[in-house]
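Peer 1: Dropping the structure in here first, questions after.
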Amino acid sequence: MKKVLLLMLLVLSVTFFAATKVVFWHAMGGAQGETLNQIVKSFNESRPDITVEAVYIGNYNALQQKLLAGAQAGQLPTISQAYANWTAKLLQSKIVEPLNKYMNDPKIGMTKAEWEDVFKAFRDNCTWGNTVYAVPFNKSLYIMYYNATALSAAGISAPKSINELLYAAKALTKDKNKDGKPDVYGFAFRTTVDTFQIFLMMRGGDIVKLGKDGKYVSAIDSAETREVLGFFKKLLDDKVAFAQGGYLNDIFGQGTVLSYIDTIAGRTYVEQSAKGKFQWSWAPVPVWKTRNVPFAGTDVIMFSTAKEEEKRAAWEFMKYLISPEVTAYWAVNTGYLPVRRAALQTTIWKQAAKADPLLEIPLQQIDNAKMDPQLSVWTEIRNVVSTMFNDFINGKADMETAIKKADAEIKKYLAEEYK
């Protein structure tokens with residue numbers, strides 16, 4: 001009888017002290033994945049009552065497909081990385097957990113000051129109306145990379161305005177062998193929707209904008225769109241810029257192009273490409289009409305399919321992920337931005353910034369960072385704009401035809417969003 005009672009007590013003890021499991025799907029591979037795993041390990045060691053299992057799904061496309069399939073099959077993790085437009089799509093199925101009650105919980109919540117310490121653009125990106133559905137995670141801003149050695153030799157500073165960018169592109173482009181084709185280009189750009197959107201924001205335009213009824217409407221048929229398209233066409237016609245669809249870090253390292261705009265997440269690739277060849281640096285994107293600049297990256301969302309104790313445990317980890325020390329550690333070791341101002345006052349950030357003066361330059365743009373629209377059809381709209389940009393740049397359509405076609409297709413997708 002005593003043995004039976006002892007066994008029962010042991011079972012109850014194990015049950016009582018069993019850690020609550022939180023499954024976290026993500027798309028962070030390589031060194032970024034290793035940093036994330038270290039954060040997860042540190043959390044698990046500090047919280048023996050919770051076990052976070054970080055599951056690497058693959059790239060973003062693989063993660064998105066697995067989330068959509070999991071939503072259909074009812075097989076979702078506790079939490080996951082997600083872009084805002086993924087969240088918007090999943091919200092339609094009512095499977096994304098609102099975080100307000102956890103944030104406001106007297107035992108495990110955050111103060112108003114702590115939440116407002118998160119950079120505003122990132123907070124806004126996680127909020128629908130008055131409901132918070134995510135916390136920010138891996139965030140990056142666009143920045144201008146430049147060959148500091150070449151620009152210094154030419155007596156040219158990093159462009160601060162669109163006119164300075166045009167001047168630098170012309171002054172730095174060289175046809176050394178006189179064959180009518182430049183051997184070195186002062187500026188380069190990718191023929192992607194991201195490039196178009198960066199310059200459209202700088203010019204003060206939008207792809208879509210909020211109407212008076214709170215719904216997004218197409219804004220692509222605008223004077224700003226025409227100016228941006230004309231700007232890129234002139235760069236190419238004047239042979240002072242190089243354009244391609246793929247990443248530019250390799251030809252930057254080869255010295256074929258001397259400046260381009262990309263996210264800060266590309267820094268490690270630039271360092272590898274330029275190592276031992278020249279000094280490189282970066283600067284805020286040039287000002288056109290505004291200082292606005294889009295940011296990139298995902299958030300972390302929680303699913304309502306989890307059990308209540310799993311949700312509370314997941315929130316504890318999400319809160320840990322955006323704590324000043326942890327987001328600073330993440331930023332220093334991955335190249336992404338910290339998501340809170342208080343992170344800039346941590347020892348790890350201060351030491352890193354002292355050793356690396358380039359680290360804080362992207363933060364000069366943080367108050368001008370603009371989020372993408374929280375639309376479930378945003379991917380489709382981006383594809384439309386990408387086609388418009390490429391068709392015009394490659395001479396497949398004139399400007400008016402390309403814009404009118406894009407406008408009609410964007411309106412079609414917005415009609416689907418609000419049907």
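The values are calculated or read from the model by the stated rules, or taken from the named source; none is laboratory data. Remember, it's a predicted structure, so these values are computed and weren't measured experimentally. Here Cβ is always computed from backbone atoms with ideal geometry, including for glycine, and neighbour counts include all displayed protein chains. Heavy atoms of the whole protein, side chains included, go into the accessibility calculation; ligands, DNA and RNA do not. Shrake-Rupley method; radii C 1.70, N 1.55, O 1.52, S 1.80 Å.
Peer 1: Would you please name the residue that is nearest to the chain's Cα centre (by Cα), looking only at residues in segment 55-88 that are assigned to a strand (DSSP E or B) and surrounded by fewer than 20 Cβ atoms within 10 Å (Cβ to Cβ)?
Peer 2: Narrowing segment 55-88 to residues assigned to a strand (DSSP E or B): 55-56, 79-82.
Checking the rest, the ones that are also surrounded by fewer than 20 Cβ atoms within 10 Å (Cβ to Cβ) come to 55-56.
On the way: 55: 20, 56: 18 Å.
Among those residues, the one meeting the criterion is 56.
Peer 1: Another question, then. Among the residues of segment 349-368, is there at least one that is open to solvent by less than 60 Å² (accessible area, probe 1.4 Å) and either part of a strand (DSSP E or B) or over 27 Å from residue 291 (Cα atoms) (or both)? Can you show your working first?
Peer 2: Within segment 349-368, the first condition is being open to solvent by less than 60 Å² (accessible area, probe 1.4 Å), and the residues that meet it are 349, 352-353, 356, 358-359, 361-363, 365-366, 368.
Right, trim to either part of a strand (DSSP E or B) or over 27 Å from residue 291 (Cα atoms) (or both) and you get none.
There is no residue in segment 349-368 that is open to solvent by less than 60 Å² (accessible area, probe 1.4 Å) and either part of a strand (DSSP E or B) or over 27 Å from residue 291 (Cα atoms) (or both).
Yes or no, residue by residue, for (1) among the charged types (D, E, K, R); (2) part of a loop (DSSP other than H, G, I, E, B); (3) more than 23 Å from the chain's Cα centre (by Cα); (4) at pLDDT 95 or above:
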| position | (1), (2), (3), (4) |
| --- | --- |
| 213 | yes, yes, yes, no |
| 221 | yes, yes, yes, yes |
| 226 | yes, no, yes, yes |
| 229 | no, no, yes, yes |
| 232 | no, no, yes, yes |
| 235 | no, no, yes, yes |
| 243 | no, no, no, yes |
| 252 | no, no, no, yes |
| 255 | no, yes, yes, yes |
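Peer 1: Could you please let me know if residue 388 is open to solvent by less than 60 Å² (accessible area, probe 1.4 Å), closer than 24 Å to residue 241 by Cα and in contact with a Phe, Trp or Tyr (Cβ under 7 Å, 6 or more places away or on another chain)? Let's see the steps before the verdict.
Peer 2: On the way: open to solvent by less than 60 Å² (accessible area, probe 1.4 Å): yes; closer than 24 Å to residue 241 by Cα: yes; in contact with a Phe, Trp or Tyr (Cβ under 7 Å, 6 or more places away or on another chain): no.
So residue 388 fails the test.
Peer 1: While we're on this one: Which one of 413, 418 is open to solvent by less than 60 Å² (accessible area, probe 1.4 Å), aromatic (Phe, Trp, Tyr) and farther than 20 Å from residue 195 by Cα? Can you show your working first?
Peer 2: Numbers: 418 fails: open to solvent by less than 60 Å² (accessible area, probe 1.4 Å).
The match here is 413.
Peer 1: While we're here: Give the residues of segment 153-203 that are closer than 21 Å to residue 294 by Cα, among the aliphatic types (A, V, I, L, M) and in contact with a Ser or Thr (Cβ under 9 Å, 6 or more places away or on another chain), sorted by residue number.
Peer 2: Of everything in segment 153-203, those that are closer than 21 Å to residue 294 by Cα, among the aliphatic types (A, V, I, L, M) and in contact with a Ser or Thr (Cβ under 9 Å, 6 or more places away or on another chain) turn out to be 158, 165, 188, 193, 200, 201, 202.
Peer 1: Does any residue of segment 149-159 turn out to be modelled with pLDDT of 95 or more, within 18 Å of residue 251 (Cβ to Cβ) and not small (Gly, Ala, Ser)? Please lay out each step first, then the result.
Peer 2: Within segment 149-159, the subset modelled with pLDDT of 95 or more is 149-159.
Right, trim to within 18 Å of residue 251 (Cβ to Cβ) and you get 149-151.
If we keep only those that are not small (Gly, Ala, Ser) too, we end up with 149, 151.
The answer is yes, given that some residue of segment 149-159 is modelled with pLDDT of 95 or more, within 18 Å of residue 251 (Cβ to Cβ) and not small (Gly, Ala, Ser).
Peer 1: Just to be sure I understand, how many residues within segment 321-340 are closer than 18 Å to residue 297 by Cα and either of a type in the set (D, E, K, R) or open to solvent by 40 Å² or more (accessible area, probe 1.4 Å) (or both)?
Peer 2: 4
Peer 1: When the residues of segment 113-166 are filtered to those that are within 28 Å of residue 95 (Cβ to Cβ) and of a type in the set (Ser, Thr, Tyr), which remaining residue is surrounded by the most Cβ atoms within 10 Å (Cβ to Cβ)?
Peer 2: Here the answer is 133.
Peer 1: Here is a further query. For segment 126-169, enumerate the residues that are hydroxyl-bearing (Ser, Thr, Tyr) and outside any loop (DSSP other than H, G, I, E, B). Explain how you work it out, then say what you get.
Peer 2: Step one: of segment 126-169, the residues hydroxyl-bearing (Ser, Thr, Tyr) are 127, 131, 133, 140, 142, 145-146, 149, 152, 157, 161, 167.
Those that are hydroxyl-bearing (Ser, Thr, Tyr) and outside any loop (DSSP other than H, G, I, E, B): 127, 131, 140, 142, 145, 146, 149, 152, 161, 167.
Peer 1: So how many residues does segment 291-320 have that are at pLDDT 95 or above, closer than 30 Å to residue 202 by Cβ and open to solvent by 20 Å² or more (accessible area, probe 1.4 Å)?
Peer 2: Total meeting the criteria: 0.
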